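Novice: Okay, handing you the structure first.
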Amino acid sequence: MMFYCTNKFPFIYLCLIVGFSIALSDANDIASDFYEEDLPHVTLSNGRDMPLVGFGVGNLQHDKVAPVVQTALTSGEGYFLLDTAKASQNEELISDGIAHSLDFINTQHPHTPVHIVTKVWYTHLGYERTRLSVQESIDALLSKVKTPEAIRIHFLLHWPRCDESIEWMNCEEEENNLPKHIKDAGPAPHLDRDNAWKGSWKALEDMYDDESLPIQSIGVSNFYAEDLNELLDFCRHRPYLYQGNVWILLNDINLMRILDENDILFQAYNVMNGIIGSKHQAPRALADLARLGASLDENDAFSPSLIVLAWLVQNNISIIPRASSERHLSENSPTSIAEVPLFTDEQHAQIRHCVAALLRGEDYEHKLVAATFVNSDSAGKPVHVYWESHDGEEIPVREDLQPGESHSQETYPGHRFVVYDDTGELSKVYQISVGIGGSERFHIEL
């Protein structure tokens, strides 16, 4: 199954919000990296490729980082992307794990680089502090690697500012605890919350333009829509990547629109906890995902987690689930996701409504959609109603529906029905447009 994504707008946003179009690769082709066609990857708006599926090691205990990185990269499961942050203080450990994996990668996957997303912490905002942070990250990530050309680094601003309204942020305390060389590099960013990040973006742009540095792309994380709009007003390079909580897909329409209009790839974190973590609050949604997963493969059902991950990837959303165990690494791997068949439009609609319920932590009241067909034909002739399956087969639902009669049944969002007149020559298609728990009434006029 081919998973090369470019110029493809995320179906999730198209269906949940409004219709737009996105172009993810209008730039010239810069990179010549090789990716196996069945592994999910995307071309960014700068023309450079990156994998869509990775794993997060930012919160791993330090003694587990190098072994987990090596396990993932040498597993044969298609991992070539990992996520961390400067604040996690594990970049040198990541380098060690990569160094012990390169012989395997070069043998089994020649010309396929390892991509690392890392982030500049808010204590390092401001032009000079950000340059210092980026250079330190580059030095740490390459410290154990003998072939630096095998590494691609994506740098993001982790937060636009230190915000005292966020409980765990301690702006003054963190500033006071910084090493002297960082303090000396530039002014304290928490004293200029509205502007420090702007200097940081200019620093990222300058370092991205430096061809001697292994920077594949630059972007932002956790930026509000107003901050992102302000950045777009003055930047030389638009962000190529935006990393944010998965709930943004449903709860921040404006931000999603900005990403769409500016060809910025969305990379979601908190996918497993944010969606599957609410399974006890939305058991019907979870059960529907499980039933769908079982229906896709006669021999081995796909888990609800894998259905959600595949759905995001098929809609051009990058994902970086935490590497909490070897079992999860295998279950959530790029190769596992690539084994899930491409979803039909109606399956996309089903999954979308399940995910919406899980993100809300509130189950839907009804499991399906209540559809009613009324024969309102002015000619006074009976009609015949068929359901159109995903493979195009027409299955009888109600034959000889007489004038004035109605037929009701439960169905799913996106399902299509074909109605014929008594001769079988005239027909009309009706498609369910409401979500789970809704109802729709069709007055048939042929």
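The values are calculated or read from the model by the stated rules, or taken from the named source; none is laboratory data. Every value quoted in this text rests on a predicted model; they were computed, and no experiment measured them. Neighbour counts run over all protein chains shown; Cβ positions are idealised from the backbone, glycine included. Note: accessible area is taken over every heavy atom of the protein model, side chains too, but ligands, DNA and RNA are not part of it. Shrake-Rupley method; radii C 1.70, N 1.55, O 1.52, S 1.80 Å.
Novice: Pick from 96, 184: which is in a helix (DSSP H, G or I), open to solvent by 20 Å² or more (accessible area, probe 1.4 Å) and touching a residue at least 24 places away in the same chain (Cβ under 8 Å)? It would help to see each step written out before you state the result.
Specialist: Working: 184 fails: touching a residue at least 24 places away in the same chain (Cβ under 8 Å).
None of the others qualify; the one that does is 96.
Novice: So residue 389 passes all but one of these: (1) modelled with pLDDT under 90; (2) open to solvent by 20 Å² or more (accessible area, probe 1.4 Å); (3) not charged (D, E, K, R). Which condition number does it fail?
Specialist: Going through (1) modelled with pLDDT under 90; (2) open to solvent by 20 Å² or more (accessible area, probe 1.4 Å); (3) not charged (D, E, K, R) one by one, residue 389 breaks only (2).
Novice: Could you list, ordered by first residue, the pairs with Cβ atoms under 9 Å in which the first is in the range 317-338 and part of a helix (DSSP H, G or I) and open to solvent by less than 10 Å² (accessible area, probe 1.4 Å) and the second is among the aromatic types (Phe, Trp, Tyr) and at pLDDT 85 or above, at least 6 apart or interchain?
Specialist: These pairs meet every condition: 334/79; 334/80.
Novice: Let me ask you something else. Mind counting the residues in the range 250-287 that are open to solvent by less than 10 Å² (accessible area, probe 1.4 Å), assigned to a helix (DSSP H, G or I) and touching a strand residue (DSSP E or B) at 6+ places or on another chain (Cβ under 7 Å)?
Specialist: Residues meeting the conditions: 2.
Novice: Would you say residue 320 is closer than 25 Å to residue 69 by Cα, over 14 Å from the mean Cα position of the chain (by Cα) and of a type in the set (Val, Ile, Thr)? I'd like the intermediate steps shown before the answer.
Specialist: Details: closer than 25 Å to residue 69 by Cα: yes; over 14 Å from the mean Cα position of the chain (by Cα): no; of a type in the set (Val, Ile, Thr): yes.
For residue 320, the condition - closer than 25 Å to residue 69 by Cα, over 14 Å from the mean Cα position of the chain (by Cα) and of a type in the set (Val, Ile, Thr) - is not met.
Novice: Can you give me the number of residues within the range 139-153 that are among the aliphatic types (A, V, I, L, M) and open to solvent by 10 Å² or more (accessible area, probe 1.4 Å)? I'd like the intermediate steps shown before the answer.
Specialist: Looking only at the range 139-153, we keep the residues that are among the aliphatic types (A, V, I, L, M), and these are 140-142, 145, 150-151, 153.
Add one more test, that the residue is open to solvent by 10 Å² or more (accessible area, probe 1.4 Å), and what stays is 140, 142, 145, 150.
Qualifying residue count, the range 139-153: 4.
Novice: A further question on this structure: Taking the stated definitions as given, is residue 58 out of contact with any Phe, Trp or Tyr (no Cβ under 8 Å at 6 or more places or on another chain) and either part of a helix (DSSP H, G or I) or farther than 21 Å from residue 144 by Cβ (or both)? Outline the logic, then answer.
Specialist: Details: out of contact with any Phe, Trp or Tyr (no Cβ under 8 Å at 6 or more places or on another chain): yes; either part of a helix (DSSP H, G or I) or farther than 21 Å from residue 144 by Cβ (or both): no.
When the stated conditions are applied, residue 58 does not pass them.
Novice: In the range 339-359, how many residues are crowded, with 16+ Cβ neighbours inside 10 Å and in a helix (DSSP H, G or I)?
Specialist: Adding up the residues that qualify gives 14.
Novice: Report whether or not residue 105 is part of a helix (DSSP H, G or I) and at pLDDT below 95. Break it down stepwise before answering.
Specialist: Working: part of a helix (DSSP H, G or I): yes; at pLDDT below 95: yes.
In short, yes.
Novice: Cβ-Cβ below 9 Å, separation at least six or inter-chain, first residue in the range 139-150 and over 9 Å from residue 96 (Cα atoms), second of a type in the set (Lys, Arg): which pairs?
Specialist: Cβ pairs passing all conditions: 140/86.
Novice: Which one of the conditions (1) touching a helix residue (DSSP H, G or I) at 6+ places or on another chain (Cβ under 6 Å); (2) part of a helix (DSSP H, G or I); (3) under 16 Å from residue 91 (Cβ atoms) does residue 128 fail to meet, given that it meets all the rest?
Specialist: All conditions are met except number (3).
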